[in-house]
Each structure stands twice: as structure tokens, then as C-alpha cells.
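J.: One structure is given below, represented as C-alpha cells, and several questions about it will come after.
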Amino acid sequence: MKHRTVVVASAIALACVLALGYLVGRSSSGSLADAQEVSPTEARDRDFYAPNSEDLAPDEMRLIACGTGMPTARPKQAASCWLLELGNGDKFLFDVGTGSAERIAALQIPYNYLDKVFLSHLHTDHFGDLDALFIGGALSGRQKPLRVWGPAGDTPERGTQYALDHLFKALTWDRDGRAGITDPRGYQPFDVTEFDYKAVNAIVYQENGVTVRSLPAIHSLDGPVSFIVEWNDFKFVFGGDTYPNKWYAEYATDADLAIHECFITVPDMIAKFQFTPQSALAVATQIHTAPEAFGKMMSIIKPRMAVAYHFFNDFDTSAAINDRIRTTYDGPLSLSVDYMVWNITKDDIRVRMAIVDEDVWPPPATEEPLLPDPSLRIPYSAMIADGKYDMSDVIQPTYDEINEQYGLNEKQEQ
Ligand SMILES: [Zn+2]
Ligand SMILES: [Zn+2]
């Protein structure tokens, strides 16, 4: 009781102080009295992006970072993945790196619209969640094949077609186990368009007023590429992993938005990733693009917005990266992190963070699902089927409930 009194007294004291402060503020400052009051009956504009809450203008595009980090995906950053949405309704994914399928799910876009993926190269931090998008998308409303564009290798075994043929084979048990249970249309083989990684500024996609071009990149082995999207007089550039290269310098010039990798600094590779100095120098300056080199490239191409990715963006790493970029580049810059959002119009580039719902469920399918064909089921062997413990008595009420609710006559498997 005594404790409660103290609490009440404290609350009254606090209220008095607040009221006094409010009154003093009012009387001593005209600006407060003039301030626009928008609460409690009116909301002000959001300064974050809530998925599925904003229309895109016909001449606007939106980019959302679904992965900005490293091969070892972590809670804060999945590996490379970028969703580009155009005002004409088209949506494109650039890379589907490890961990990114979860970020894609958070955006609540019907999976039927997420059927076009462009892969920069075949490191897992750039396509490691393709299996999750393939199966999860098919399960949740993508009722058509997943289309994938990616580079041929210098040998067939290092090309996108080979990788995806074998990924499809690796998913044999998964796919076979779903036969006869769900709509089968999304589980068809990947629809792969492989193209020459050496082709310079060559068209790899052209539909619905959108052109996607490919540039060679220099990274690990022959094969990696970058992409340029042209639509509605916009130029969007997605740079895959690369040592800075002359094709990007020439063809990414004057982009509205240019993504380019920017690796973690060599001292942090040694201190935080525990690389040897020799490996850190090789990886962070020769296989990838060092921050100073990222800045030099952006000073050459002069985009309306430069986007750096492929580093763990933390309180104790981003300052060093920013400092090094700023030795060679002083233009508009985004040090990306997952769920960063760019709205791009002719007049403006607005950068915000998306706020996502952790309890998100897949959005409804945009087409009526096909009913399963039980004749396609692959049966258990007699030995495994015989191991079923009899639960029919406790499950039957669910059948009765659903059959009555939906006017069906479904029966339990025997
Ligand atoms: Zn790579
Ligand atoms: Zn990478």
C-alpha cells in the first residue's frame, strides 16, 4: 500500500512537472503555439515504408534491398538480393542470396509476380536461396515456372543451366513428395535463359517496355556479370561481385541508381573476420572492390544515387567504409542494409527503411489453385505404411467439420 502511494505521488509530481513545462513552453515560445497539431485525430506521413501500403506512380520505380551482406548470412543481413518494382507492374529479382527468401516473404508480394530472377553469378551468397524461392513460391501461389536468367560459364559445367538442372535434381525428393498434394504448376523445371558472359551491353531480356542488358564482371573465375535495366528513360544498374572493370565504367554512366559491391576494409577483414593479412588483401582488394575503388568508380559514372553493399554494415565498420569511399567520391551515397527502400522518380530519390511484420503470412494466390490429383501421389512402401499408428478416430472430427463447412466428401487415407 505504501509502495502504491509512492507510485501515485510520483505520477502526480511527474504530471505537474510536465504540465508546468508545457505551460512554460507555451508562454515563452510562440513557435510551439504555432506548431501544427496532427494528433490524435490526424496522422502525419510515414517516414518508413510499410510493404503493400503504397501505389507506385506509372513513371516511378522502387528498389528494396532483400540482402546486402556476406556469404555467412546473419539476422541483420542476408546475402545479395534486390527487388526492383516498376510502375508498369513488372517486378524483377536480382540475385537470391542466402537468407533472402525470408526478406522477400516480408514484402507480401503475391508469388505469381516473383517469377523473374537475374543471377549475377553462381556463388551461394548470390543464388543460395533460389531453392527456397522455388519451392516456397510454388507452395504459396506461383502457378508457373520460375524464370531465371544467368551467365553461361567458360565450360558448360560452370554455367547457370548446369547449376539449375542439378539444383532441380537435388530437389527430387522434395518435389516427388508434393506430387498429388498441391497445385503442381510451380514445380516445373526452372525456365533458364543462359547468355554469353563475355557479351558487352548485350540484351538478355526485352519485354513490356523493359530491357535488361548484361556486362562482363571480373570475379573469382570467368562467368560473373552485372545487369543494366532500361525502362521509361530510367537506367538502373545492378553490379554483381567484381574487381572494378571498364565495362561498368563505360555503360553504367549516368545511371539513376547504381548498385556496386563495396567490400569490408582490409583491417576489419583481419580484426573481425579473422582472415590472415595475405587472404584479406587478396579477397578484399583483388577478388572484390575496396571502398576507395568503389568511390573511384562512382566518381567516374556519376549516378544519381550510388548504392554500396557486400559488407557487414555495423556501428563499428560503416564509418571506416564511409571514410574510405569519401576519399574518392563525394556524390549521393547509400551504405545499404537489408530492408532499405529507394523510390526513384525523375525529380527525386527517396531513401527509407521498410518496417516489416514478423508474423507475416503469404498473400493470397492471384489465380485459382488447381485441385490436387491424388492419382499422382507416390505411395509409401508397405512396410512404412504399416507403421501408421491408428489416429483415424481423433482426426475424423476434422474431416466432418471441413466436409460440412465446404460441402465436400473427403475421406481419410486408408
Ligand atoms: Zn561472388
Ligand atoms: Zn558475393
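The values are calculated or read from the model by the stated rules, or taken from the named source; none is laboratory data. For clarity, every value in this text was computed on a predicted model and none was experimentally measured. As a convention, Cβ positions derive from the backbone with ideal geometry for all residues, glycine included, and neighbour counts pool all protein chains shown. Heads up: the accessible areas ignore ligands, DNA and RNA and are worked out on the full protein's heavy atoms, side chains in. Shrake-Rupley method; radii C 1.70, N 1.55, O 1.52, S 1.80 Å.
J.: Of the conditions (1) out of contact with any strand residue (DSSP E or B) (no Cβ under 7 Å at 6 or more places or on another chain); (2) of a type outside the set (Asp, Glu); (3) at pLDDT 95 or above, residue 151 clears all except one; give me its number.
T.: Result: residue 151 fails condition (1) only.
J.: Output the residue which, of all residues in region 89-115 that are touching a residue at least 60 places away in the same chain (Cβ under 8 Å) and closer than 24 Å to residue 166 by Cβ, is nearest to ligand 1 (Cβ to nearest atom). Please lay out each step first, then the result.
T.: Initially, region 89-115 is screened for residues touching a residue at least 60 places away in the same chain (Cβ under 8 Å), giving 90, 92, 94-95, 103, 105-113.
Retained after the next criterion (residues that are closer than 24 Å to residue 166 by Cβ): 94-95, 111.
Working: 94: 14, 95: 10, 111: 26 Å.
Of everything passing the filter in region 89-115, 95 is nearest to ligand 1 (Cβ to nearest atom).
J.: Just to be sure, is residue 126 assigned to a helix (DSSP H, G or I), more than 16 Å from ligand 2 (Cβ to nearest atom) and not charged (D, E, K, R)? Write out each step before concluding.
T.: On the way: assigned to a helix (DSSP H, G or I): yes; more than 16 Å from ligand 2 (Cβ to nearest atom): no; not charged (D, E, K, R): yes.
Against the criterion (assigned to a helix (DSSP H, G or I), more than 16 Å from ligand 2 (Cβ to nearest atom) and not charged (D, E, K, R)), residue 126 does not qualify.
J.: Which strands (runs of 3 or more DSSP E) does region 175-265 wholly contain that include 1 or more residues that are closer than 30 Å to residue 377 by Cα and open to solvent by less than 60 Å² (accessible area, probe 1.4 Å)?
T.: On the way: elements: 191-195, 202-207, 210-216, 225-231, 234-238, 257-261.
Answer list for region 175-265: 191-195.
J.: While we're on this one: Quick one: would you say residue 90 is open to solvent by 10 Å² or more (accessible area, probe 1.4 Å) and within 16 Å of ligand 2 (Cβ to nearest atom)? Write out each step before concluding.
T.: Numbers: open to solvent by 10 Å² or more (accessible area, probe 1.4 Å): yes; within 16 Å of ligand 2 (Cβ to nearest atom): no.
Here the answer is no, as residue 90 does not meet what is asked.
J.: Check 66, 81 and return the single one that is more than 13 Å from ligand 2 (Cβ to nearest atom) and closer than 22 Å to residue 225 by Cα. Walk me through how you get there before you give the answer.
T.: Working: 81 fails: more than 13 Å from ligand 2 (Cβ to nearest atom).
Only one candidate qualifies: 66.
J.: Report yes if residue 145 is more than 17 Å from residue 214 (Cβ to Cβ) and touching a strand residue (DSSP E or B) at 6+ places or on another chain (Cβ under 6 Å), otherwise no. Don't jump to the end; show me each part of the working.
T.: On the way: more than 17 Å from residue 214 (Cβ to Cβ): yes; touching a strand residue (DSSP E or B) at 6+ places or on another chain (Cβ under 6 Å): yes.
Yes: the conditions hold for residue 145.
J.: If I go through region 266-289 residue by residue, how many of them are within 16 Å of ligand 2 (Cβ to nearest atom) and open to solvent by 20 Å² or more (accessible area, probe 1.4 Å)?
T.: Step one: of region 266-289, the residues within 16 Å of ligand 2 (Cβ to nearest atom) are 269, 273, 275, 279-280, 282-289.
After this cut, where a residue has to be open to solvent by 20 Å² or more (accessible area, probe 1.4 Å) as well, the list is 273, 275, 279, 282-283, 285-287.
Residues flagged as within 16 Å of ligand 2 (Cβ to nearest atom) and open to solvent by 20 Å² or more (accessible area, probe 1.4 Å) within region 266-289 amount to 8.
J.: Another question, if that's okay. For residue 149, all conditions in the list (1) closer than 23 Å to residue 228 by Cβ; (2) more than 19 Å from the chain's Cα centre (by Cα) hold save one; what is the number of the exception?
T.: With (1) closer than 23 Å to residue 228 by Cβ; (2) more than 19 Å from the chain's Cα centre (by Cα) applied to residue 149, the lone miss is (2).
J.: Exactly one condition in (1) farther than 21 Å from residue 318 by Cα; (2) within 16 Å of ligand 1 (Cβ to nearest atom) is not met by residue 302; state its number.
T.: (2)
J.: Moving on. Could you tell me which of the residues 163, 138 is in a helix (DSSP H, G or I), at pLDDT 95 or above, within 16 Å of ligand 2 (Cβ to nearest atom) and farther than 15 Å from residue 240 by Cα?
T.: On the way: 138 fails: within 16 Å of ligand 2 (Cβ to nearest atom).
Answer to the selection: 163.
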